[in-house]
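Before any comments, here is the structure.
The values are calculated or read from the model by the stated rules, or taken from the named source; none is laboratory data. Predicted model, so just to flag it, every value in this text is computed and none were measured. Here the Cβ positions follow ideal geometry from the backbone for every residue, glycine too, while neighbour counts run over all protein chains shown. The area values use the complete protein model at the heavy-atom level, side chains included, leaving out ligands, DNA and RNA. Shrake-Rupley method; radii C 1.70, N 1.55, O 1.52, S 1.80 Å.
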Amino acid sequence: QVQLVESGGGSVQSGGSLRLSCAASGYTYSNYCMGWFRQAPGKEREGVAAIDNSGRTSYTDSVKGRFTISQDNAKNTLYLQMNNLKPEDTAMYYCAAGPPCVYYSGAHHPTDSGYWGQGTQVTVSL
């Protein structure tokens, strides 16, 4: 069974940085996609960034130029480097993986039918 465990969240002031990690186990698919989603209280879950097995990446407009998604060479750890954090970035951040994957905005993205971690909280203060 695929297990995804996020870490690296915390509280930071506006303009600060955090790096989220997602340790994946039991993930043996050669055709894969992984990504980060976030959900703030009272809001729908939002796709933040995605990366697929071809190394293609995609970002939601609000984080472009500030966030970077990457993986290690073993393809078992996903990262999200978050710079210049803003209060509107405050949310629970979730790691997700597929298949299934759907292609849009230049990369394959995980879907709700895939695998999800437990989440890590990111809080950005003014």
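Going by the conditions given, is residue 66 of a type in the set (Lys, Arg) and under 13 Å from the mean Cα position of the chain (by Cα)?
Working: of a type in the set (Lys, Arg): yes; under 13 Å from the mean Cα position of the chain (by Cα): no.
Considered against the rule, which asks whether it is of a type in the set (Lys, Arg) and under 13 Å from the mean Cα position of the chain (by Cα), residue 66 comes out as no.
Among the residues examined, residue 40 does not qualify as of a type in the set (Gly, Ala, Ser) and within 13 Å of the chain's Cα centre (by Cα). Taking every residue in region 31-50 that is farther than 10 Å from residue 63 by Cβ and pairing it with any residue that is open to solvent by 70 Å² or more (accessible area, probe 1.4 Å), at least 6 positions away or on another chain, the pairs with Cβ-Cβ distances below 8 Å are 32/75; 37/45; 39/45. Look at residue 79 and say whether it is of a type in the set (Ser, Thr, Tyr) and closer than 11 Å to residue 35 by Cα. Against the criterion (of a type in the set (Ser, Thr, Tyr) and closer than 11 Å to residue 35 by Cα), residue 79 qualifies.
When region 69-126 is filtered for residues that are touching a strand residue (DSSP E or B) at 6+ places or on another chain (Cβ under 6 Å), assigned to a loop (DSSP other than H, G, I, E, B), over 14 Å from residue 50 (Cα atoms) and open to solvent by less than 50 Å² (accessible area, probe 1.4 Å), the ones remaining, listed by number, are 85, 90, 117, 119.
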